[in-house]
2 protein chains.
Amino acid sequence: MKDAARTATARAAKVRAEPAPKRSRIQTRNRKRILEAALEVFSAHGFRGATLDQIAAEAGLSKPNILYYFDGKEAIHVTLLNQLMETWLDPLEQMNPEGEPLEEILAYIRRKLDMAQAYPRESRLFANEILQGAPRMGPHLEARLKPLVDQKAALIAGWAEAGRIAAVDPRHLIFSIWATTQHYADFEAQVNVLMPEGGVFPGAASHLETMYRRLLTA
Amino acid sequence: MKDAARTATARAAKVRAEPAPKRSRIQTRNRKRILEAALEVFSAHGFRGATLDQIAAEAGLSKPNILYYFDGKEAIHVTLLNQLMETWLDPLEQMNPEGEPLEEILAYIRRKLDMAQAYPRESRLFANEILQGAPRMGPHLEARLKPLVDQKAALIAGWAEAGRIAAVDPRHLIFSIWATTQHYADFEAQVNVLMPEGGVFPGAASHLETMYRRLLTA
DNA sequence: TCGTCACTTTACCAATTGGTAAAAAAGCAA
DNA sequence: TTGCTTTTTTACCAATTGGTAAAGTGACGA
């Protein structure tokens with residue numbers, strides 16, 4: 001029962017930032033290894049499809065050793081998700097209210113597509129979680145994603161009202177951007193069957209640029 | 001080669017229609033119950049996340065009884081996927097080469113969105129499978145989806161070349177349509193957080209109509 | 001050199017889960 | 001009803017899996 005305090009602390013801290021990390025070099029290194037391995041395995045098989053043994057093998061550590069660094073399978077998953085959320089929000093956060101509206105939105109789309117290309121595993125991890133009804137991320141969506149989307153939707157609505165872009169429902173626009181960019185990561189297996197010639201991303205970038213430009217300048 | 005495959009293992013027959021169903025009334029009823037229950041459970045938890053016990057409970061049958069009707073968990077999943085593939089292809093198949101290009105494409109989008117609304121579980125089942133790399137559907141994608149997409153992509157390319165719609169990459173257009181329509185089913189949990197007011201589909205339909213109309217008439 | 005603390009391994013376990021054997025029950029044609 | 005087939009239940013099982021206890025290893029300061 002020596003872990004009681006630590007467990008309780010971790011539990012309460014689920015939605016908050018960790019209070020005092022103060023980790024040793026070994027801890028930092030091994031936690032990173034574990035999270036990297038977990039990302040690989042969770043994104044490929046989903047939460048229940050992944051096993052601690054797989055993660056341990058991928059990380060080059062023993063299973064009990066992994067449980068020395070994390071309180072359990074779920075804790076690893078939640079940690080991954082929370083970390084990723086910040087990365088995921090970043091491209092939208094960068095949308096600048098002072099910038100040129102069309103260019104800001106198109107740049108956002110480019111960043112999202114770049115992320116789908118550079119971080120397909122992260123995209124799939126999120127997709128898996130949302131698909132299952134966001135059982136471990138509901139609070140986080142409410143607390144971090146919703147305020148940001150509300151804010152940026154208002155910004156876009158303002159641009160539209162001012163006639164600086166064509167009239168468009170900001171929230172549905174955002175959904176469309178997410179859907180069309182993440183599709184190339186989440187549905188990669190299908191895309192690869194239908195476009196066997198390597199390198200779909202240049203074509204995707206060009207197509208999305210065209211599509212959203214026409215939508216917003218109509 | 002195809003004849004050889006047919007006479008080969010039962011494995012090869014996986015992608016074909018069953019030869020002689022000849023099922024009793026009880027078999028028909030219980031198989032349907034099982035598949036309905038399996039759709040519910042698989043779409044909510046993914047293949048590995050679903051258990052036979054859950055499916056059995058949902059179907060109102062005992063686990064061994066379920067295994068009397070299907071050769072195993074995987075067989076149920078594959079059966080579901082194969083059945084669904086036909087339903088899923090149908091809206092695209094309906095796209096009429098003789099019709100008015102813009103109207104045909106917009107009607108296709110409407111049908112896809114209607115399906116996302118009417119059959120969200122089916123959409124999620126597919127999404128789950130593709131996300132995991134289509135381990136049980138790869139051959140089917142190759143055999144059924146690819147030829148159809150090739151054919152319709154050529155049709156759309158023809159329309160574009162003839163100047164009847166604006167220039168567009170047909171395959172990326174199809175990806176965008178899939179992504180934007182299925183998003184409302186697959187990411188429902190997220191959409192519900194961000195648009196709490198019930199009934200997102202009318203707004204979605206309007207937005208997608210606007211978006212693709214502007215894209216194709218630019 | 002010793003003691004202490006951080007880290008790692010070995011040896012387990014209890015619960016879950018996909019699946020089976022075989023008996024029992026229910027249909028059903030004659 | 002009889003006799004056969006189809007369907008369902010009961011009682012299991014072996015493998016997997018998340019997790020734990022406890023002994024062992026190693027680094028480092030006093």
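In a GNM of chain A with a 10 Å cut-off on Cα contacts, which of A:ARG164, A:ARG23, A:ARG121 has the highest mean-square fluctuation?
Of A:ARG164, A:ARG23, A:ARG121, the most mobile in the Gaussian network model is A:ARG23.
Please find, in a Gaussian network model of chain B (springs between Cα atoms separated by less than 10 Å), the residue of B:THR28, B:THR181, B:THR51 whose mean-square fluctuation is greatest.
Comparing B:THR28, B:THR181, B:THR51 in the GNM, the peak value goes to B:THR28.
Using a label point 7 angstrom from Cα along Cα-to-C-beta, what distances in nm, from shortest up, separate A:GLU142 from the other copies?
Label-point distances to the other copies, shortest first: 4.7 nm.
Mind running the shape call on the protein assembly as shown? Use the C-alpha gyration tensor, a ≥ b ≥ c as the square roots of the eigenvalues: rounded below 1.5 for a/c, prolate if a/b tops b/c, oblate otherwise.
It comes out oblate by the Cα gyration axes.
Just to be sure I understand the rule: take each whole DSSP H helix in chain A, project its Cα atoms onto its long axis, keep it if the span is 24 Å or more and its mean Kyte-Doolittle hydropathy is at least -1.0. Which ones pass?
In chain A, the long hydrophobic H runs are A:25-49, A:73-93, A:101-118.
Once you put a point 7 Å from the Cα of A:LYS63 and another 7 Å from the Cα of B:GLU100, both along the Cβ direction, what distance in nm separates them?
Label-label distance for A:LYS63 and B:GLU100, simple model: 6.4 nm.
Rounded, prolate or oblate for region B:65-218? Axes are the square roots of the Cα gyration tensor eigenvalues, ordered a ≥ b ≥ c, and the cut-off for rounded is a/c under 1.5. Write down the numbers at each step before the final one.
Working: a/c = 2.52, a/b = 1.39, b/c = 1.81.
Verdict is oblate for region B:65-218.
Quick one: Cα centre-to-centre distance for region B:178-201 and region A:155-218, in angstrom?
16 Å
Expressed in nm to one decimal, what extension gain is obtained for the pair B:ASP90 and B:GLU36 from 0.36 nm per residue of sequence separation less their Cα-Cα distance?
Gain on extension, B:ASP90 to B:GLU36, equals 17.4 nm.
Within region B:48-80, what residues put their amide N at less than 12 Å from the label point 7 Å along the Cα-to-Cβ vector of B:GLN27?
In region B:48-80, the label zone of B:GLN27 (backbone N under 12 Å from the point 7 Å along Cα→Cβ) covers B:69-70.
Which distances, in nm and shortest first, link the A:THR87 label point to the same label point in every other copy, taking 7 Å along Cα→Cβ?
List, nearest first: 3.6 nm.
Any read-out appearing in this document is the output of simple, stated calculations on the displayed coordinates, not a laboratory observation. These numbers come from a predicted model, not from an experiment. Note that each Cβ is placed from the backbone with ideal geometry, even for glycine, and that neighbours are counted across all protein chains shown.
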